[in-house]
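The values are calculated or read from the model by the stated rules, or taken from the named source; none is laboratory data. Since the structure is predicted, the reported quantities are computational estimates derived from the model, not experimental observations. In this analysis, Cβ positions are derived from the backbone assuming ideal geometry, glycine residues included, and neighbour counts consider all displayed protein chains. Just the protein is used for accessible areas: all its heavy atoms, side chains included, with ligands, DNA and RNA removed. Shrake-Rupley method; radii C 1.70, N 1.55, O 1.52, S 1.80 Å.
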Amino acid sequence: MKKLLMIPGPTPVVDSIREQMGRDTVAFGDPGFVADFKQVIQDLKNMWSCDGEVFVVAGSGTLAMEMALANTVTKGEKFLLVSNGFFGDRFIEIAERKGIDLTVLQAEWGDTVTPQQVDDVLKQGGFKAVAVTQVDTSTGVLAPVHEIGQVVKQYEDVIYIVDGVCSVAGEPVNLKDDQIDVLFTGSQKAFGVSPGLMMLWANQRSLQRRQAMGQIPEYYCDYHKWLPIMQDTAKYFATPPINLIWALQESIRLIKEETLNQRYQRHQDNAFAMQQAFEAMGFQVLAKKECRAHTLSNLLYPEGVDDAEFRTKLAQEGVQAAGGVGQYAGKMLRIGHMGNADRHTLIATLAALERTMKHFRPDHELGQALTAFLKARS
Ligand SMILES: Cc1ncc(COP(=O)(O)O)c(C=O)c1O
């Protein structure tokens, strides 16, 4: 049986994207590929309003985290990390290994750090950068990146980094409108491409910061190694993942066809309807209503339902979902509803969830969740 891929990334890969990965691979100097790569970079720059450079590099979101930090802050400099969960916390070790002078603002899981809290810390002075995770995939919390951007822009020396791994192409975010200097994501989430590519947008301001840093210890993720390639895609530094770049090109074509605004709206409508359905089944959404993401849902089980058993049964019913991480390991079900997951897929997912829930809670009335979804998303 085909299993629906409903973990919060990788997300379902639609046929037209998958076909690009099955194409005959060409040389990276092939004129057709060089032109396609150039188009991808230009589109990404335009769509997310970047006046600097976009780096499209083989690697996952974690590489992008390291790249963002390595090219912005150096040993001994002050860096403020705003963390709303497990993925925000990942920056702690990255910063510590680099000997960066780290300050951490952590929210309780399910809640978000506020712009005021960020301001209070930045007032102490001397910070070189702030990083925020727009959607922390461990909690399903959406951080107020726009409002934090309004705060950060008052501090001339501070570069604003946003982790958009679980948000870009699903949640509204834009370098210019949100005063973001560095934004990054991975191919496997709201772009609906298989894992393996990272994208990082760096505006002029952040490129100037990199310039002022001189040589950095990192090699593969040094902006200066990649800048010549992003500016002229016929050049070589390290082999580009040709078929993944084609897949990304197709994903971008689909996004342009849908338009970003309609895509954001679709994510919001789907998230609302899915969350109505989850609640109708007895799940509780962890994130507070005021800061709930639209790309995934992080659900606490109803009394007496065991996580491992539930997900095993759910897989037998045809749906792969993820468990919790960190403090919610064994206590949480995480379901992605981002990227190109269509309405049929969401409805099939809910039907499988209902069958699974009926197995564990015989009093669950089949159809309740589907009805809640259809009422909200008719
Ligand atoms: C918000 C966020 N940041 C970073 C990462 C790390 O990305 P990757 O697993 O692609 O290295 C993830 C992964 O899920 C994530 O959700």
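Points to keep in mind about this one:
- Where a residue in region 123-137 is within 22 Å of Pro172 (Cα to Cα) and its partner, wherever it lies, is outside any loop (DSSP other than H, G, I, E, B) and near the ligand (Cβ under 8 Å from one of its atoms), with Cβ under 6 Å and at least six apart: Thr133/Phe87; Thr133/Gly88; Thr133/Asp163; Asp136/Phe87; Asp136/Gly88; Thr137/Phe87
- Scan of region 245-281 for residues that are polar (S, T, N, Q) and surrounded by fewer than 22 Cβ atoms within 10 Å (Cβ to Cβ), ordered by number: Gln249, Thr259, Asn261, Gln262, Gln265, Gln268, Gln276
- Any hit, region 79-91, residues being away from the ligand (no atom under 12 Å from the Cβ), closer than 25 Å to Val113 by Cα, assigned by TED's automatic domain parsing to the domain that holds Ala129 and touching a Cys at 6+ places or on another chain (Cβ under 6 Å): no
- Checking Gly29, Gly52, Gly59 one by one, the residue that is on the phi > 0 side of the Ramachandran plot, touching a residue at least 12 places away in the same chain (Cβ under 8 Å) and either open to solvent by less than 60 Å² (accessible area, probe 1.4 Å) or in contact with a Phe, Trp or Tyr (Cβ under 7 Å, 6 or more places away or on another chain) (or both) is Gly59 and no other.
- Here Trp246 fits the description: away from the ligand (no atom under 16 Å from the Cβ) and under 21 Å from the mean Cα position of the chain (by Cα).
- Residues that are more than 18 Å from Asp157 (Cβ to Cβ) and in a loop (DSSP other than H, G, I, E, B) within region 86-126 comprise Lys98, Gly99, Ala107, Glu108, Gly110, Thr112, Val113, Thr114, listed in sequence order.
- Only listed residue being in contact with a strand residue (DSSP E or B) (Cβ under 8 Å, 6 or more places away or on another chain), open to solvent by 50 Å² or more (accessible area, probe 1.4 Å), under 25 Å from Gln188 (Cβ atoms) and assigned to a helix (DSSP H, G or I), chosen from Ala352, Ala308, Ala348: Ala308
- Taking every residue in region 71-84 that is open to solvent by less than 10 Å² (accessible area, probe 1.4 Å) and pairing it with any residue that is among the β-branched types (Val, Ile, Thr) and at pLDDT below 95, at least 6 positions away or on another chain, yields no pair with a Cβ-Cβ distance below 6 Å.
- Number of the exception - Pro228 against (1) of a type outside the set (A, V, I, L, M, F, W, C); (2) more than 12 Å from Val57 (Cα to Cα); (3) in contact with a Lys or Arg (Cβ under 8 Å, 6 or more places away or on another chain); (4) in contact (Cβ under 8 Å) with a residue 12 or more places away in the chain: (4)
- Within the option set Met21, Met1, being closer than 30 Å to Gly324 by Cβ and of a type outside the set (D, E, K, R) holds for one residue only, Met1.
- Subset of region 22-69 (residues that are part of a loop (DSSP other than H, G, I, E, B), over 23 Å from Gln204 (Cβ atoms) and either in contact with a Leu (Cβ under 8 Å, 6 or more places away or on another chain) or more than 16 Å from the ligand (Cβ to nearest atom) (or both)): Gly22, Arg23, Asp24, Thr25, Val26, Ala27, Phe28, Gly29, Asp30, Gly59
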